[in-house]
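Participant: Below you will find the structure I want to go over with you.
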């Protein structure tokens, strides 16, 4: 089919096992520490100080995204440091651009045939883009360390 809707809990209702819950709690704590660092780095890149409330809201959004991802049969979500490099490269700092990108990704997720187009992007192109983004992340990190 050209358009497909995602079926929540396609693989069945979740089962709650203590060992899995403890493991995921450890992973989530590590993810929260990582996300905190990225939020602080992004605040530095855009030149806007981040308040404790904004930081809490960002961490809350990460947690909510993880829960929603489980409902819709996908992997837990987290912030990625590559995005800091992307903001640094492009200079685009608008949250509306980020929201529009998110809506676009949701709409594209409804068209499974488009996944073939995305999968056809050569690995060399993805590798080149990855090197540039990771380089920008490393440069931003080194700049931040220079201020310490």
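Participant: Which one of these is over 25 Å from residue 37 (Cβ atoms), outside the structural domain of residue 46 (by TED's automatic domain parsing) and surrounded by 12 or more Cβ atoms within 10 Å (Cβ to Cβ): 86, 104, 108?
Facilitator: 108
Participant: Okay, next question. Is it the case that residue 43 is assigned by TED's automatic domain parsing to the domain that holds residue 30, in a helix (DSSP H, G or I) and farther than 18 Å from residue 31 by Cβ?
Facilitator: yes
Participant: Let me ask another. Just to be sure I understand, how many residues within the range 77-102 are over 15 Å from the mean Cα position of the chain (by Cα) and part of a loop (DSSP other than H, G, I, E, B)?
Facilitator: The qualifying residues number 4.
Participant: Could you say whether any residue in the range 46-55 is surrounded by 11 or more Cβ atoms within 10 Å (Cβ to Cβ), assigned to a loop (DSSP other than H, G, I, E, B) and without any contact (Cβ under 8 Å) to a residue 12 or more places away in the chain?
Facilitator: Checked the range 46-55: at least one residue is surrounded by 11 or more Cβ atoms within 10 Å (Cβ to Cβ), assigned to a loop (DSSP other than H, G, I, E, B) and without any contact (Cβ under 8 Å) to a residue 12 or more places away in the chain.
Participant: Determine whether residue 66 is within 19 Å of residue 134 (Cβ to Cβ) and surrounded by 15 or more Cβ atoms within 10 Å (Cβ to Cβ).
Facilitator: So residue 66 does not fit the description; no.
Participant: Let me ask something else. Report yes if residue 51 is within 28 Å of residue 27 (Cβ to Cβ) and over 16 Å from the mean Cα position of the chain (by Cα), otherwise no.
Facilitator: Yes.
Participant: Kindly evaluate residue 9 against the criterion of being surrounded by 11 or more Cβ atoms within 10 Å (Cβ to Cβ) and in a loop (DSSP other than H, G, I, E, B).
Facilitator: yes
Participant: Restricting the range 56-75 to residues that are without any contact (Cβ under 8 Å) to a residue 12 or more places away in the chain and assigned to a loop (DSSP other than H, G, I, E, B), which is farthest from residue 12 (Cα to Cα)?
Facilitator: So the residue we want is 75.
The values are calculated or read from the model by the stated rules, or taken from the named source; none is laboratory data. Model, not experiment: these values are computed from the prediction. When we count neighbours, we look across all protein chains shown, and the Cβ atoms used for this are built from the backbone with ideal geometry, even at glycine.
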